[in-house]
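S.K.: Before I ask anything, here is the structure I am working with.
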């Protein structure tokens, strides 16, 4: 898989993603990362890529042409690296293979489902906005979807692009040690993950739940599921609206609530 990032600050992308788990995955060639400097396609020798907004208003807007030429660079580069007979037969086949995402506060909120969907693509182009945004005409021309991290505004799309790449790349084969490393995590099943504990079994008077030390796997898995439900009920009850809970689940949750209340 290849990620191409169109940005004014490629160093922000590489400084983040070339470290830790994603950095190791890049070294192993488990996915590819390309950063394209939009300013390389400036409309003059001074590196101009922005201009005033028609109709008035404060701030500057990224111009359509530098963004479009940067996007063409990403498409052509992918085509040349992954050239095959199909590409030679259809000049626009590479465009169809590349999914272009604009990081925007107006986009659909990013979630685990979106990360999994992106991870299935061959080539994803991420467009980072700046200033007051980007000329709408080029967005209409090249963008397949807009993604937002939440209901807030960042100074640019670079941090959001890193989040999207990190969340999607870790789902690729080989990036994490095993599929189980992410399959039981928060949001993969629609619920939040249960609490976790490690050695020592007692720390500052706080003990690991006895059941986790019992060795009874079936009981442990039931405890983990119920605690996952509790975490979700406590922190993100909205997620339970789409969960198909059984009567016995609710009955066991009531028991846990009563036990927790008696300990306080």
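S.K.: So, by mean Cβ neighbours within 10 angstrom, what's the order for 130-142, 190-202 with the highest one leading?
M.R.: 130-142, 190-202
S.K.: For the chain, modelled as a GNM with alpha-carbon contacts under 10 angstrom, which of 207, 34, 145 fluctuates the most?
M.R.: Greatest mean-square fluctuation among the candidates belongs to 207.
S.K.: Defining a contact as two alpha carbons under 8 Å apart and six or more residues distant in sequence, what relative contact order in percent does segment 185-263 show?
M.R.: Relative contact order of segment 185-263: 33 percent.
S.K.: Given a Förster distance of 30 Å, report the FRET efficiency between residue 45 and residue 152 from their Cβ-Cβ distance, rounded to the nearest 0.05.
M.R.: That gives a FRET efficiency of 0.25.
S.K.: Could you check the spin-label model distance between residue 255 and residue 15? Points 7 Å from the Cα along Cα→Cβ, value in nm.
M.R.: Distance between the two pseudo-spin positions: 5.3 nm.
S.K.: Now for a separate question. Just to be sure I follow: if Rg is taken over the C-alpha atoms of the chain and Rh is the Kirkwood radius over the same atoms, what is Rg/Rh?
M.R.: Result for the chain is an Rg/Rh of 1.08.
S.K.: Any chance you could get the radius of gyration and Dmax over the Cα atoms of segment 185-263, in Å?
M.R.: Radius of gyration, then largest Cα-Cα span, for segment 185-263: 13.3, 38 Å.
S.K.: Describe numerically, in nm with one decimal, the distance between label points set 7 Å from Cα along Cα→Cβ at residue 112 and at residue 220.
M.R.: Modelled inter-label distance: 2.1 nm.
Every number in this text was worked out from the coordinates using simple rules, so none of it is lab data. From a predicted model like this one, the values you see are computed outputs, not experimental measurements. Cβ sites come from the backbone with ideal geometry, for glycine too, and all protein chains shown count toward neighbours.
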